[in-house]
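Inspection log for the structure reproduced underneath, given as structure tokens.
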């Protein structure tokens, strides 16, 4: 019998070692797996590389992980947002390195990593500083730059509904990077508000098939990052 | 107001010129847009390049289009199937050229074409005759071959349910190549058993967003190729 | 220069003017900031379908105060709604739409636009700045038409339309047309060419505030009616 | 050679033997033909999830006669069913699972397997043949483990396990293990090594019918109970 449910947030992140690369879903707060990130803070792993579109806001979730000085590198398209002060300080201090990637190239690199494609050509960033030093080539009279697939040791993502086989549905624009990150990590860990029995989800509607998911944790009533930030909360 | 519905099968394929490249959805009979193909037979365009996983069976649908000597090239992974006699004859005669592509490479080339990726590296076919003459390169100690994105002038695909904005749902394994072909053709033409008003389909479940679809034709009760073949039918 | 504040179009007039140039049924991505105003001025009888790169086609207006869903936001992280006919998708699919040339129009802000259509809109290159690029480089590289909507000059009066950008580029030769408070200008092989001058703006005034030669056009002189 | 028909395993026994080597919870793609038999012999207490490259994970057995849906088929174009927990997806996503190394096991038929793990199973290279490759090259390039399930020799008695394939390759160095009617053999850096001999098969007999050296193994001798 296949049952990917985990009993606790602590259990689900217990084996993540220092030095891991971790993809973290979310675009702004939408889709940010705050409970999994907080479990990772409690767990203690450090020297992490985080692959995520943003760097969190306030002092909860991803920003709190950074504030604990546990992240030495971020691969990211937009590391500054409203209420984002933690990353800028660590970046200026030189503690956290930044690899800046155009958002669509970040998405395509993750998708390629999950699909067994080691490298591809893209028109994005040609002629800009972000293409400097990269191989380029002309196809059909236009210049393209070579970009590489991106994989990670772990992915932490937030779904809306899952089943015990690891099939996942998302809520609206909280979907964003999660489905592709699930394909590109060795171990994909999902928090979902509901975890159902196999067959409860219409197979035509599944966004992330269970083959990409290793562990599922039910978090029935997840926090909203913006509400925590508005309340001035900090973690831990 | 956006309404992509067409009034008739004749109208929906009327502008396809001789020499067009056309992606045709389907894996075996599942997802084969037989009514659209028959309309194309009636319309008369010739010297076509067909991109499709198979070459049809019996003397209906894709096989009938071939039999009418309207297809001078096929790009395909598996051009012979049970009850497939038309293509083998045209191929041996030298009338229809074949570009044989591994199935996953065909899918990825179409997906790349639709996603603005002109070329990518893949491990598939390395060391085989299908990689001969192609550029190869080592990444992380393994050899990969360079493959190119594939686009077409038209795509003919079969959905289950659509709406007037061109959003499409599919039925089971009839989905196969249709969603990626819809992204890779200049003009995508969909036949669907039901065409609804916008909002009738849950936006979380849409497989092909309307941006990829140009024309939608309601074909309420589509034929099944295997039944036509069993009956010995031929078209026209 | 003392009349600068009364010359040309307001932001709303710029948005209205730009909206007139968008065909019915277009798929449009509006950048964060001024470009978002365009959605308020859709011409009678036309429908535009809005794409937001964080995974929604068919984006609708902001919800009532307090009715927002933290998981239904736009690229600027603001609460939005979904119209009938909308679709959600993941980021790779969203940027396949962008990079694959499926969107008809991208409207973006600018720090600088060059006479050859180079765009700089993501970084001043200041050494202490936190670099952040988002999806702008993908949009200009992939979308069929790129319109820039911007004040003609910076707050300190420097021209934003220049011979060559001094800020780091977002894309090279990507801008098709500029909608500023002073004029609508096409980027042509010969450089900037006037399509329309704003109310009270004449060619010498426009040239004075532009950092590259401006070619005249046979166009009617005047703003939009409003 | 007169006892050839009584030596070794039947097809069903081969399938049962192979199924014993698949871990509980594995994601498996079974090739068309003999490999499909494996699904009939899932060991007690284990669950395998079957992938079919035409867009279904969680494929179930064939439906009752006459109950098939022409739009629910496997890669062999035969009617199948979907189990609870199944998911449908498109071809690019399906081959992302394959190429990206997400499937645990691919079981394929073979025309030839070389001592270095090369596989030939799609073409005899005959000049009048219609070339057709399907998804085999993707499966062997991407899936974590590749098992070949085949008769040890061709119908005319030629060995299928050879020093070097003479037919066009499906993949180079891709086969991990071979399940034939005569033996289970690993492909090792030293060549074919016996894991288990079929009932009534001894090493000299196996060697005689194999076109490359066969290394012995310390294994129990005998078939499965059935």
**Request:** Any residue in region A:118-142 that's in contact (Cβ under 8 Å) with a residue 12 or more places away in the chain and facing chain C (nearest Cβ under 10 Å): show its pairings with residues that are surrounded by 24 or more Cβ atoms within 10 Å (Cβ to Cβ) and part of a loop (DSSP other than H, G, I, E, B) at Cβ separation under 6 Å, as long as the two are six or more apart or on different chains.
**Result:** A:124/A:102; A:125/A:102; A:127/C:169; A:131/A:125
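Test residue B:45 against the criterion of being more than 15 Å from the chain's Cα centre (by Cα), more than 29 Å from residue D:31 (Cα to Cα), in a loop (DSSP other than H, G, I, E, B) and at pLDDT 95 or above, and give yes or no.
Working: more than 15 Å from the chain's Cα centre (by Cα): yes; more than 29 Å from residue D:31 (Cα to Cα): yes; in a loop (DSSP other than H, G, I, E, B): yes; at pLDDT 95 or above: yes.
So residue B:45 passes the test.
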**Prompt:** So residue A:185 clears everything in (1) within 13 Å of chain D (Cβ to nearest Cβ); (2) touching a helix residue (DSSP H, G or I) at 6+ places or on another chain (Cβ under 7 Å); (3) within 26 Å of residue A:63 (Cα to Cα) except one condition, right? Which one?
**Reply:** (2)
**Asked** strands (runs of 3 or more DSSP E) wholly in region A:55-129 with at least 3 residues that are closer than 21 Å to residue C:129 by Cβ - which ones?
**Response** A:71-76, A:97-100
**Request:** Please state which of the following conditions residue B:164 fails to meet, knowing it meets all the rest: (1) surrounded by fewer than 21 Cβ atoms within 10 Å (Cβ to Cβ); (2) away from chain C (no Cβ under 14 Å).
**Result:** (2)
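Scan region A:202-214 and give yes if some residue there is farther than 29 Å from residue C:81 by Cα, out of contact with any helix residue (DSSP H, G or I) (no Cβ under 9 Å at 6 or more places or on another chain), surrounded by fewer than 20 Cβ atoms within 10 Å (Cβ to Cβ) and within 11 Å of chain D (Cβ to nearest Cβ), otherwise no.
The answer is yes, given that some residue of region A:202-214 is farther than 29 Å from residue C:81 by Cα, out of contact with any helix residue (DSSP H, G or I) (no Cβ under 9 Å at 6 or more places or on another chain), surrounded by fewer than 20 Cβ atoms within 10 Å (Cβ to Cβ) and within 11 Å of chain D (Cβ to nearest Cβ).
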**Every residue from region C:172-197 that is touching a helix residue (DSSP H, G or I) at 6+ places or on another chain (Cβ under 8 Å) and either over 26 Å from residue C:138 (Cβ atoms) or not in a loop (DSSP other than H, G, I, E, B) (or both)** = C:179, C:181, C:182, C:183, C:184, C:194, C:196, C:197
**Prompt:** For residue A:49, which of the numbered conditions (1) touching a strand residue (DSSP E or B) at 6+ places or on another chain (Cβ under 8 Å); (2) more than 10 Å from chain C (Cβ to nearest Cβ); (3) farther than 22 Å from residue A:187 by Cβ fails to hold?
**Reply:** (3)
**Message:** Please go through (1) surrounded by 24 or more Cβ atoms within 10 Å (Cβ to Cβ); (2) in contact (Cβ under 8 Å) with a residue 40 or more places away in the chain; (3) part of a loop (DSSP other than H, G, I, E, B) for residue D:133 and return the number of the only condition it doesn't satisfy.
**Reply:** (2)
**Prompt:** Which of the residues that make up region B:1-29 are assigned to a strand (DSSP E or B) and within 14 Å of chain D (Cβ to nearest Cβ)?
**Reply:** B:23, B:24, B:27
**Message:** Going through C:134, C:157 one at a time, which residue ends up being farther than 23 Å from residue C:21 by Cα, at pLDDT 95 or above and within 16 Å of the chain's Cα centre (by Cα)?
**Reply:** C:134
**Request:** Among the numbered conditions (1) closer than 29 Å to residue D:52 by Cβ; (2) assigned to a loop (DSSP other than H, G, I, E, B); (3) more than 9 Å from chain B (Cβ to nearest Cβ), tell me where residue D:146 comes up short.
**Result:** (2)
**Answer from A:85, A:72 - the residue that is at pLDDT 95 or above and more than 8 Å from every other protein chain (Cβ to nearest Cβ)** = A:72
**Asked** Residue check: is residue D:92 within 20 Å of residue B:208 (Cβ to Cβ), at the interface with another protein chain (Cβ under 10 Å from one of its Cβ atoms), modelled with pLDDT of 95 or more and touching a helix residue (DSSP H, G or I) at 6+ places or on another chain (Cβ under 6 Å)?
**Response** yes
**Message:** So if I check each of C:80, C:28, C:42, C:38, which one is farther than 25 Å from residue A:25 by Cα, more than 14 Å from the chain's Cα centre (by Cα) and either at pLDDT 95 or above or within 14 Å of another protein chain (Cβ to nearest Cβ) (or both)?
**Reply:** C:42
**Fill in**
From the option list C:139, C:169, single residue qualifying as in contact with a helix residue (DSSP H, G or I) (Cβ under 9 Å, 6 or more places away or on another chain), outside any loop (DSSP other than H, G, I, E, B) and facing chain A (nearest Cβ under 10 Å) is C:139
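The values are calculated or read from the model by the stated rules, or taken from the named source; none is laboratory data. Here the structure is a predicted model, which is why all the values come from computation and not from measurement. Cβ: placed from backbone, ideal geometry, glycine included. Neighbour counts: every protein chain shown.
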